């Protein structure tokens with residue numbers, strides 16, 4: 001079968017219509033750039049034959065501009081040279097099928113055939129497609145002879161398998177599926193695999209119902225045993241509760257007495273510490289008072305004369321000492337200056353003696369020479385020098401010399417010493433008038449002792465302020481002693497009343513430890529008592545439940561159990577029968593599949609090898625009918641493991657084989673939209689060679705943007721030029 005003409009009266013961008021005559025060439029090429037209408041023209045072919053399965057697609061393919069019609073027509077020539085024209089108006093899905101014999105037309109179908117409906121017309125049109133093409137499903141068309149751009153991938157679908165195997169009249173796979181559905185109505189367990197159904201089926205539900213009846217019988221038998229056991233345990237719990245209550249009462253009384261004893265001993269210890277502290281405070285207060293009284297007495301007896309002095313008195317004592325020290329320093333300085341004066345005087349006298357002796361000798365020599373000549377000169381020299389020496393001894397010093405300066409300093413020091421002595425005598429006189437003595441050192445010592453006693457008195461009085469009044473402390477101490485006696489008496493009374501505590505009188509720590517242990521023991525017993533009381537209450541509830549339980553009569557339960565066992569046996573027999581039928585049918589399907597799958601594998605392998613060469617030895621289908629390739633290096637190569645180009649070449653070989661298998665008597669056209677986008681040049685040449693060879697028996701329509709391909713087939717139309725028109 002070949003498509004001779006496509007007439008588009010309004011479809012997508014062809015709003016003004018277009019007609020394509022495909023001729024009789026093996027490979028008809030329609031070339032055009034992007035958006036010139038290649039894909040639109042292909043979709044028009046499919047839509048004319050099968051309609052739009054989705055209303056959105058129908059709306060999307062409406063003519064884009066002004067148009068007179070939204071329809072298409074396809075003229076087909078069958079193998080016996082009959083012409084058939086299929087016309088579809090997409091507005092209302094009105095389909096007309098005519099047989100053209102020259103000027104005579106025979107209507108083969110006329111009606112509303114929408115793939116989205118289930119009308120009688122649709123059923124009749126589907127029957128026409130089945131008779132003419134071997135199928136009426138657009139999905140089979142798209143999976144075999146119709147290849148959209150970038151959608152060359154295909155698979156051996158269930159519908160394709162039926163067509164290829166020729167099992168359209170009897171669907172054995174569907175029969176097996178129906179048997180499996182009935183099988184799984186009986187049980188959820190899958191005997192052919194590990195994946196089971198999630199929900200229970202009839203057999204599992206019947207088994208649960210049977211088990212429930214068995215459980216009810218077991219519960220009835222166990223009810224009486226359980227009731228006796230619960231009653232017995234309740235009696236034991238009751239006795240244990242009574243025993244624990246008695247022990248808790250005794251322990252509580254002992255704990256109360258022991259607690260009172262410990263509180264009294266704690267109070268006694270606290271009061272004793274308080275008494276000790278008060279006694280210590282009282283002793284300290286008395287000691288400070290006695291110390292202050294002794295200091296007052298000593299101050300009055302020995303140092304009362306200092307009571308009237310003011311702060312200047314101490315300054316005067318200090319000044320006397322300072323003046324005495326200054327006088328001693330000046331006296332030492334005067335002694336030094338007097339020594340210097342004596343030395344200076346001796347030096348000046350020696351110099352004067354020599355000087356006057358020389359002058360006297362010279363004067364005497366001159367005078368003696370004048371008077372007596374040489375002898376007179378000698379006598380004059382001796383007399384003159386002796387006179388000079390005598391005169392020098394008579395002169396005390398030379399004015400302005402060192403001795404005069406030393407004399408001046410010594411005079412000043414003497415004057416200072418006299419002034420200091422006068423000031424010191426004045427201060428001593430004032431001190432004597434106050435103390436009755438001139439012994440300043442003794443007065444200073446007494447005054448320092450006086451000040452020390454004053455400081456001690458101040459400290460004692462300040463320390464006394466930290467204590468309460470002595471009478472108040474003494475009164476509180478007496479009260480504490482009385483309180484201690486009362487507490488001790490209470491302890492004696494308690495020990496007389498509770499003799500078991502007497503051995504704890506002198507062991508307070510043991511009493512405290514015993515109270516702690518006894519509290520812990522009581523708490524544990526109370527907790528255990530609560531647990532026992534809870535258990536007792538639970539046993540009451542359990543007894544009430546067992547007593548009030550409404551159980552069916554055992555004979556009735558046994559009858560129901562037998563009936564459920566018979567029902568379960570019947571269900572299992574049905575299950576086994578269905579399993580046997582499924583196993584037999586599966587074996588038959590496997591044998592039947594071997595009748596067409598190897599043939600299909602052989603044809604795909606041959607076509608694939610012609611395209612890609614000898615690298616891949618075989619194409620085969622696995623159990624789920626998915627293609628796998630075998631090579632010298634490895635086997636079981638799935639399509640995802642191939643390169644994009646090789647994968648597309650595998651799918652092209654599969655489509656060529658599918659197209660030849662689904663219509664061996666009436667080969668259908670193979671329509672391709674740029675199928676070689678991932679092919680290299682060598683494999684494009686090989687694929688075109690196959691298409692040309694196939695084209696002798698099967699029409700090949702190739703839509704492409706590659707103008708180089710137009711030279712390898714008959715160019716039917718250049719859509720660029722058609723668009724320009």
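Each reported figure results from applying straightforward, stated rules to the coordinates on display, with no laboratory input. Keep in mind that what you see is a predicted model, and the values were worked out from it rather than measured. Please note: Cβ atoms are built from the backbone with ideal geometry, for glycine as well, and neighbour counts cover all protein chains shown.
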Query raised in the report: Highest mean first, what order results for 294-302, 337-345 on Cβ atoms within 10 Å?
Result: 337-345, 294-302
Report summary line: Residue separation between residue 182 and residue 490 times 0.36 nm, minus their alpha-carbon distance, gives in nm 101.4 nm
Query - Computed over the stretch 605-714, the ratio Rg/Rh where both radii use C-alpha atoms and Rh is Kirkwood - result: 0.97
Report task. Please give the helix 440-464 orientation as an angle from the longest Cα principal axis of the chain, in degrees from 0 to 90, rounded to the nearest 10. Result -> 40
Requested in this report: Starting from the Cα-Cα distance between residue 343 and residue 520, subtract it from 0.36 nm times their residue separation and give me the gain in nm to one decimal.
Outcome: 52.8 nm
Query raised in the report: What is the Cα centroid distance between the stretch 66-101 and the stretch 433-484, reported in whole angstrom?
Result: 140
Query raised in the report: Taking Cα atoms, how many degrees apart are the long axis of helix 470-497 and the longest axis of the chain, rounded to 10 and kept between 0 and 90?
Result: 50
Requested in this report: Given the peptides 454-467, 202-215, arrange them by the average over their residues of other C-beta atoms within 10 Å, most packed first.
Outcome: 202-215, 454-467
Report task. At q = 0.15, 0.18, 0.20, 0.22 Å⁻¹, what is the base-10 log of I(q)/I(0) for the stretch 240-316 according to the Debye formula with one equal point scatterer per Cα and no solvent? Please give it to two decimals. Result -> -0.79, -0.88, -0.94, -0.99
Report summary line: The extension gain from residue 412 to residue 272, computed as 0.36 nm times the residue separation minus the Cα-Cα distance, is 42.4 nm
Query - the chain, helix-only ellipticity at 222 nm - DSSP H runs n ≥ 4, -39,500 (n - 2.57), divided by all residues, nearest 500 - result: -23500 deg cm²/dmol
Requested in this report: Determine, at each q value in 0.27, 0.29 (inverse angstroms), the log₁₀ of I(q)/I(0) that the Debye formula gives when each Cα of the stretch 295-338 is one equal point scatterer.
Outcome: -0.89, -0.92
Report task. Taking the chain as the reference, fit the longest principal axis to its C-alpha atoms, fit the long axis of helix 597-612 to the helix C-alpha atoms, and give the angle between the two in degrees, 0 to 90, nearest 10. Result -> 70
Query raised in the report: Of all DSSP beta bridges located in the chain, what percent are antiparallel, nearest 5?
Result: 70
Query raised in the report: Cα centroids of the stretch 320-336 and the stretch 201-234: how far apart, whole angstrom?
Result: 130
Report summary line: At 25 °C in a medium of viscosity 0.890 mPa s, the stretch 449-577 has a Stokes-Einstein diffusion coefficient, with Rh taken as the Kirkwood radius over alpha carbon pairs, in µm² per second, of 97
Query raised in the report: Once all Cα-Cα distances of the chain are split into 20 Å bins that start at 0, what whole-number percent is in each one?
Result: 10, 17, 11, 9, 10, 10, 12, 12, 6, 3, 0
Report task. At q = 0.14, 0.15, 0.19, 0.22 Å⁻¹, work out log10 I(q)/I(0) for the stretch 5-118 with the Debye formula, treating every Cα as an identical point scatterer and leaving solvent out; two decimals please. Result -> -0.60, -0.69, -1.06, -1.30
Query raised in the report: Relative contact order for the chain: what is it in percent, counting Cα pairs under 8 Å that are at least 6 residues apart?
Result: 25
Query raised in the report: What nm distance separates the two modelled labels at residue 615 and residue 189, each placed 7 Å from Cα along Cα→Cβ?
Result: 5.0
Requested in this report: Rank-order 621-628, 648-655, 696-703 by packing density, defined as the average count of other C-beta atoms within 10 Å over each peptide's residues, highest first.
Outcome: 648-655, 696-703, 621-628
Query raised in the report: Scaled to the compact-protein estimate 2.2 N^0.38 Å, what is the alpha-carbon radius of gyration of the stretch 200-248, rounded to two decimal places?
Result: 2.08
